[in-house]
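The structure appears below as structure tokens.
Where a number appears in this text, it was derived from the coordinates with a stated rule and is not lab data. Just so we're clear, the structure is a prediction, and the values are computed from it rather than from any experiment. Glycine gets a Cβ as well: all are built from the backbone with ideal geometry, and neighbour counts include every protein chain shown.
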Amino acid sequence: MATDELRSLYQEIILDHNKNPRNFRQMPDADYVLEGYNPLCGDHYTIYLKMNGDVVADVSFEGAGCAISKASASVMSTVVKGKTKQHVHELFDRFHDLVTGKHTGNVSFEELGKLAAFAGVSEFPARVKCASLAWHTLRGALEQRKETVTTE
Amino acid sequence: MAVTAAIETKQLPKAFDVDAVRSEFPILETPVRGKRLVYLDNAATTQKPRVVIAALRRYYEEENANIHRGVHYLSERATDLYEKTREQIRRFIGAGDAREVVFVRGTTEGINLVAATFGRANVRAGDEVLITAMEHHSNIVPWQMLCEQVGAKLKVAPINDAGELLVDELSNLLNAKTKLLAITHVSNALGTVNPMKDVIAVAHSAGVPVVVDGAQAIPHQRIDVRELDCDFYTFSSHKMYGPTGIGVLYGKLDLLNAMPPYQGGGDMIKSVTFEGTIFNDIPYKFEAGTPNIADGIAFGAAVEYLSSLDWQALSIYEHGLLQYATERVKEIDGVRIIGTAREKAGVLSFVMEGVHPHDIGTILDQEGIAVRTGHHCAQPVMQRFGIPATVRASFGLYNTREEVDALVKSLQKVKEIFN
Ligand SMILES: Cc1ncc(COP(=O)(O)O)c(C=O)c1O
């Protein structure tokens with residue numbers, strides 16, 4: 001049987017989003033399109049972003065990579081819709097603290113919602129980049145960057 | 001009949017004693033993540049036997065001095081030990097002259113040295129350098145850089161779906177403009193063993209010299225550079241049970257003599273004035289600066305260790321193990337083996353349907369099983385097979401069938417998690 005660490009890494013929600021990624025599609029009328037690439041393991045995604053003023057109107061993604069990176073992109077796409085830019089940045093900071101083990105407990109898991117499923121990543125330092133690739137790419141898109149975001 | 005049978009039995013090689021070998025490698029007894037280490041990442045780097053570790057320690061405790069320059073006792077002793085390694089390597093690879101053994105940092109530097117010296121002297125605008133579709137990045141990029149600098153063209157000999165070199169196609173690519181063939185002996189991503197002797201003969205018949213990347217071949221088979229008739233052969237100590245940071249470029253005497261130096265500095269000169277410099281003789285002409293003395297000497301201990309093994313028995317053992325692993329892994333539902341050449345050594349690369357190699361690597365790691373996942377510094381090979389990455393189990397002389405069983409069991413666990 002799998003170890004506890006593995007169980008907490010490959011949570012049901014992560015396996016589900018890996019198998020059936022949400023918002024996994026092109027977006028022809030996107031305002032911003034940005035690629036994210038992890039040269040170490042080859043994870044490669046394109047993030048599509050549509051804005052309504054300061055609010056995220058729609059997010060989708062395409063690409064391929066490991067379960068952690070794909071599930072993270074998928075879950076992210078479901079939680080940032082309707083949020084302001086500022087709110088997205090805050091979510092990313094919290095998510096980043098969570099997966100790097102800096103989560104202090106000040107932020108409740110409730111606030112993190114589905115993102116809390118990625119808490120197990122902190123036990124696997126080599127996988128932090130997988131979990132945060134889509135987020136880094138989204139942030140790049142929000143900052144209207146054009147060049148591919150890499151995790152190296 | 002009975003007599004023949006008796007003779008046949010007698011001629012059976014002695015079995016390879018893997019337990020005895022394992023006991024020489026202290027790290028194999030070190031638990032990782034609370035489990036017994038199953039080290040299947042030997043193509044990345046091998047573990048080190050006691051004699052190598054002891055040689056390193058002894059050097060710093062009892063022998064440390066700079067070489068080729070002091071008249072004092074320790075300097076002379078360190079010089080002797082370092083040069084003894086050169087001679088051990090000469091013998092190990094069947095070279096005719098120890099001056100043909102140039103110390104470098106590893107395979108990567110060996111190839112870069114040839115590109116920067118032989119390449120810069122012989123490859124001109126409009127010329128061609130030929131490589132193959134199964135090369136490691138270190139046998140692609142230096143040639144790309146050279147071609148870019150001088151305006152030459154890089155040509156690539158193709159491979160088939162099994163990962164075998166198409167020798168006829170390679171032969172067709174050789175022409176009057178081809179100045180060099182750079183080719184791996186064994187592919188690190190696929191495990192393919194190239195028919196080196198034939199390929200070299202084909203290249204030579206077209207008048208093309210050959211540099212062989214021997215990084216993955218030398219841990220698995222005895223190399224005889226004179227029998228191969230290669231012009232250059234390069235390999236890394238750390239992939240053959242020696243320390244990191246040292247390796248060898250073998251080159252034919254006349255070629256090395258004709259080549260310009262690599263880097264400038266101490267040791268590679270005979271005399272220096274501000275008006276000009278007289279370069280040292282080979283191999284020192286290519287060995288500027290204080291070399292990696294400690295690792296060089298310990299490399300000698302590794303070569304001595306390897307020389308003491310029964311290579312016929314080892315070869316049969318390693319071949320049997322790879323075959324066993326291939327059969328067992330192939331049985332797992334949804335697994336596809338990447339690299340199914342008839343002649344293979346040491347490497348089992350595969351993908352599993354619906355599960356990314358990176359996730360497999362993490363799950364195996366939790367069981368103490370070390371494999372490599374990714375593109376293995378051979379992105380063009382991945383592109384050729386239309387995959388982003390593979391899981392690679394690579395075997396060394398201390399691996400066992402029990403370890404293969406542990407791998408298979410953990411792969412079943414992967415399937416369980418990702419069902
Ligand atoms: C086939 C091959 N060539 C070259 C190299 C580069 O060797 P090193 O990193 O020791 O210079 C490697 C090792 O990864 C290899 O497998």
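For each of B:ASP198, B:ASP231, count neighbouring Cβ atoms within 10 Å of the residue's Cβ, then give the residues from fewest to most. Walk me through the intermediate numbers first.
Working: B:ASP198 12, B:ASP231 24.
Final ranking by Cβ density, sparse to dense: B:ASP198, B:ASP231.
By the Stokes-Einstein formula, at 1.002 mPa s and 20 °C, the protein assembly as shown with its Kirkwood radius over alpha-carbon pairs has D equal to 81 µm²/s.
Can you spot the aspartates and glutamates whose alpha carbon is less than 16 Å from A:LYS114's alpha carbon? Ignore those fewer than 8 places along the same chain. Leaving aside aspartates and glutamates fewer than 8 places away in the same chain, those within reach of A:LYS114 are A:GLU12, A:ASP16, A:GLU90, A:ASP93, A:ASP97.
Stretched out straight at 0.36 nm per residue, the stretch from B:ASP224 to B:LYS84 would grow longer than its current Cα-Cα span by 48.5 nm. In order along region B:199-214, phi translates into HN-Hα couplings of 4, 5, 4, 4, 5, 5, 5, 9, x, 10, x, 10, 10, 9, 7, x Hz, rounded to whole numbers, per the Karplus curve 6.51 cos²θ - 1.76 cosθ + 1.60 with θ = phi - 60° and x for Gly and Pro. Normalised by the number of residues in chain B, the average gap of Cα pairs under 8 Å and 6 or more apart makes the relative contact order 22 percent. Annotation: amide H of B:PHE16 has no partner in the under-5 Å range at sequence separation 5 or more or interchain, hydrogens built in the peptide plane. The ellipsoid that matches the Cα gyration tensor of region B:112-175 has semi-axes, each √(5λ) in whole angstrom, of 22, 13, 8, with the longest given first. Once backbone amide H atoms are built at 1.01 Å from N, B:VAL102 has B:LEU249, B:TYR250, B:GLY251 as its partners under 5 Å, excluding neighbours fewer than 5 places away on the same chain. Converting phi to 3J(HN,Hα) with the Karplus coefficients 6.51, -1.76 and 1.60 and the offset θ = phi - 60°, region B:59-75 yields 4, 6, 7, 10, 10, 4, 6, 6, 10, 6, 8, x, 9, 7, 3, 5, 5 Hz in sequence order, with x at every glycine or proline. Here each label is just a point 7 Å from Cα along the line to Cβ, and for B:VAL71 and B:THR277 those points are 2.6 nm apart.
Extending 7 Å from the Cα toward the beta-carbon at both B:GLU169 and A:LYS85 defines two label points whose distance is 5.0 nm.
Under the criterion of Cα pairs below 8 Å and six or more residues apart, the relative contact order for region B:62-120 equals 17 percent. Residues within the reach of a label modelled at A:ASN52 (point 7 angstrom out along Cα to beta-carbon, backbone nitrogen below 19 Å), restricted to region A:63-93, are A:77-89. Between region B:26-97 and region A:19-62, what is the C-alpha centre distance in whole Å? Comparing the Cα centres of region B:26-97 and region A:19-62, I get a distance of 51 Å. Gaussian network model of chain B, Cα springs within a sub-10 Å range: biggest mean-square fluctuation belongs to which of B:ASN172, B:ASN280, B:ASN42? Looking only at B:ASN172, B:ASN280, B:ASN42, the largest GNM fluctuation is found for B:ASN172. I want to verify a result. In a Gaussian network model of chain B, Cα cutoff 10 Å, which of these has the top mean-square fluctuation: B:ALA288, B:ALA325, B:ALA215? Answer for the Gaussian network model of chain B: B:ALA288.
With respect to the cross-link table entries A:LYS129/B:LYS415; B:LYS179/B:LYS330; B:LYS177/B:LYS270; B:LYS153/B:LYS330; B:LYS48/B:LYS344, which display a Cα-Cα separation exceeding 31 Å?
The pairs that break the limit, which is 31 Å between Cα atoms, are B:LYS179/B:LYS330; B:LYS177/B:LYS270; B:LYS153/B:LYS330.
Amide hydrogen proximity for A:VAL149: with H placed 1.01 Å from N in the peptide plane, the residues at 5 or more positions away or on another chain lying under 5 Å are A:GLU35, A:GLY36, A:TYR37.
Per-residue ellipticity at 222 nm, computed for chain B from helices alone with -39500 (n - 2.57) per DSSP H run of at least four residues, works out to -11500 deg cm²/dmol. Can you pull the semi-axes for region B:199-257, root of five times each eigenvalue of the Cα gyration tensor, sorted largest first, whole Å? One finds semi-axes of 23, 13, 8 Å for region B:199-257. Sorting B:HIS238, A:HIS96, B:HIS220 from the fewest to the most surrounding beta carbons within 10 angstrom yields A:HIS96, B:HIS238, B:HIS220.
In this entry, chain B is assigned a mean projected area of 24.3 nm², taken as a quarter of its C-alpha convex hull surface. Phi angles across region B:402-419 convert, under the Karplus curve 6.51 cos²θ - 1.76 cosθ + 1.60 with θ = phi - 60°, into 3J(HN,Hα) values of 4, 5, 5, 4, 5, 4, 5, 4, 6, 5, 5, 4, 4, 5, 4, 5, 9, 2 Hz, Gly and Pro given as x.
From largest to smallest, the equivalent ellipsoid semi-axes obtained for region A:3-150 from the alpha-carbon gyration tensor read 23, 17, 14 Å.
Summary value for chain A: 31 percent relative contact order, contacts being C-alpha pairs under 8 angstrom separated by 6+ residues. Taking every pair of alpha-carbon atoms in region B:268-419, give the share separated by more than 21 Å as a whole percent. The share of Cα pairs beyond 21 Å in region B:268-419 comes to 59 percent.
With N set to the number of residues, divide the alpha-carbon radius of gyration of region B:203-341 by 2.2 N^0.38 Å and report two decimals.
Working: Rg = 20.2 Å, N = 139, 2.2 N^0.38 = 14.3 Å.
Cα Rg divided by the expected 2.2 N^0.38 Å: 1.41.
Ordering A:PHE95, B:PHE279, B:PHE418 from the fewest to the most neighbouring beta carbons within 10 Å gives B:PHE279, B:PHE418, A:PHE95. The loop-placed GluC sites (Glu not before Pro) in region B:243-325, going by DSSP, that have at most 14 neighbouring Cβ atoms within 10 Å of their Cβ come out as B:GLU275.
Translational diffusion of region B:58-117 was estimated from the Stokes-Einstein equation, with Rh taken as the Kirkwood radius over Cα pairs; at 25 °C and 0.890 mPa s the coefficient is 187 µm²/s. Considering only A:GLY53, A:GLY36, A:GLY63, the mean-square fluctuation computed in a Gaussian network model of chain A, springs between alpha carbons under 10 angstrom, is largest for A:GLY53. Please work out the Cα center distance from region B:160-197 to region B:354-391, rounded to the nearest Å. That distance is 24 Å. Max-minus-min Cα coordinates of region B:316-391 on each principal axis give 32, 31, 24 Å, with the largest extent listed first.
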